[in-house]
Amino acid sequence: MKSASRIVAEILLALRENIRDGITTADVDRMAEELTLKKKAKPAFKGYRGFPASICISVNEEVVHGIPSPKRILKTGDVVGLDFGVIYDGYFGDSAMTVPVGQITPELERLVKITEQCLYKGIEQAVPGNFISDISAAVQRLADANNYGIVREFCGHGIGRALHEDPPVLNYVQHGKGPKIKPGFVLAIEPMINLGTEKVRVLDDGWTVITADGKPSAHFEHTIAVTRDGPVILTQV
């Protein structure tokens, strides 16, 4: 899983360097697939439940699962969610980041910054003896403190020989504590935080999730392994 996750991290960093005014999301998808194949891995998302591309690219009010298109041209001021995974030697890695296109507004800068901080606050709680709900509570506390909407319909998850495994890792506290965290857990923690309402809807393409009020959203994700000494982030170089 270290190898699969490292490949994801390396490719996401390469894609981030290519996000610029005038590039299409289809261009980014093509780069993602080419880089994956060069590393002898397979795109985890392509064909998954019928998803047509190698990477999910979600722009501005799109929360997650945006489908790349040659018609979707990025422009200065956009924020772009890159959600990407690979399969390598039978194991999955999964990570996401939200990237600015050129100069963005201070309001958007803060949304992106706080969403990334929510991710790391959650990761800090992924220690043996804690519960999954401790991760959820840490994310929720920071998002609530900034009056942001926390997406409830989608969440983090276990990961290993399948892309999505138990347990679900919510970004807010629901009923119960969830499973106790033990060494050997591998989790994909992924806050999806909206500038406005928490409410979302799915477009007619059956995939793209957007905010109900049309305000921007941000998304960050890491695959982490729980060890006796605490969490280790696998999806970083």
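The values are calculated or read from the model by the stated rules, or taken from the named source; none is laboratory data. In this text, all values refer to a predicted model and were calculated from it rather than measured experimentally. Here Cβ is always computed from backbone atoms with ideal geometry, including for glycine, and neighbour counts include all displayed protein chains. Areas reflect the complete protein model, heavy atoms only, side chains present, ligands, DNA and RNA absent. Shrake-Rupley method; radii C 1.70, N 1.55, O 1.52, S 1.80 Å.
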Computed magnitude of the charge dipole of the chain (debye, nearest 20; Cβ of K, R +1, Cβ of D, E -1): 500 debye
DSSP H segments from the chain that extend 15 Å or more along their own axis, Cα-based, with Kyte-Doolittle mean of 0.0 or above: 2-18, 132-145
Distance from the range 101-123 to the range 127-201 (C-alpha centre basis), Å: 17 Å
Surface accessible to a 1.4 Å probe, residue 232 within the full protein complex, Å²: 60 Å²
Rounded accessible area of residue 3 (nearest 10 Å², 1.4 Å probe): 60 Å²
Whichever lysines have a C-alpha closer than 25 Å to that of residue 199, once near sequence neighbours (fewer than 8 apart) are set aside: 113, 121, 177, 215
